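None of the figures in this text is laboratory data; all of them are computed from the coordinates on show. Worth saying up front: this structure is predicted, and the values here are computed from it rather than measured. Here the Cβ is made from the backbone with ideal geometry for all residues, glycine too, and neighbour counts use every protein chain on show.
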Amino acid sequence: MTAKIEAGQHFVHVIPKLYVLESTMPEDMIESVNDYMDEYKAKKDKVSAKSTLVGQIHKGEQLLLDHEDKRMVDYNNLICTLGAEYINNFNATGSW
């Protein structure tokens, strides 16, 4: 399944010098990502990403996720599509 953005599923809110993209995720995609995360968190060989991140989480974990896992593919496609949509909206304003 390829991530598709349908009319009414995302909104770009323009605030001077601030762009906020709002979207929704299908319930089946949320369940798929949650299944992956629950299974991954329980693994002994999970990989931490905390040394590569700027911020710190004091409660919880910063894990490196497998973006090629079949349960994550639709989510990753959606995120990439939304990222491109955000950039296109930003570039269209000439604000950079």
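A few notes on this one:
- Among the residues of region 63-96, the ones that are exposed (fewer than 13 other Cβ atoms within 10 Å of the Cβ) and touching a residue at least 40 places away in the same chain (Cβ under 8 Å) come to 3 in all.
- Residue under evaluation G60, criteria (1) among the small types (G, A, S); (2) assigned to a helix (DSSP H, G or I); (3) surrounded by fewer than 11 Cβ atoms within 10 Å (Cβ to Cβ), criterion not met: (2)
- Within the set V54, V33, the sole residue that is within 13 Å of the chain's Cα centre (by Cα) and either free of Cβ contacts under 8 Å to residues at least 24 places away in the same chain or under 30 Å from V14 (Cβ atoms) (or both) turns out to be V33.
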